[in-house]
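The values are calculated or read from the model by the stated rules, or taken from the named source; none is laboratory data. Just so you know, these numbers come straight off a predicted model, no measurement behind them. For the accessible areas, the whole protein counts, side chains as well, though only heavy atoms, and no ligand, DNA or RNA atoms are used. Shrake-Rupley method; radii C 1.70, N 1.55, O 1.52, S 1.80 Å.
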Amino acid sequence: MPDEPRCQIVFQPLGRRAQVAGGSTILDAARAVGLRLASDCGGEGTCGRCRVAVLGGEASPIEELERNLFSGKELAAGSRLACRAQALGDLTVHVPESSLWQEQAACRCTAPAKSWR
Ligand code: FES
């Protein structure tokens, strides 16, 4: 069985590098190197929380739901949903801080309210 093509994804500004199989999503590549991107919808492409920008390299074509989510200016700047964009070759990806999973923010949203008596 031939080796499957591998792609290197560099996440900026953190500088983390993932080696993944071609066709892997950017979200899966991020997870492989312990980079936790916000993904409230679990990668269904509906929450818009996993926004990144592809700065260089070959990614899968932009999907319709991405065209509906991003402005033309954002698309021109490389904006993608990490859960939808797949690596077709080596990529350089910028991860904005707003797309990083923030434990404290998540706790505030999901923890049950405490009752102080
Ligand atoms: S994880 Fe929700 S849109 Fe990507």
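The accessible area of Val20, taken with all protein chains in place and a 1.4 Å probe, comes to roughly 10 Å². According to the calculation over all Cα-Cα pairs in the range 6-99, the P(r) per 5 Å bin from zero is 3, 16, 29, 28, 18, 6, 0 %.
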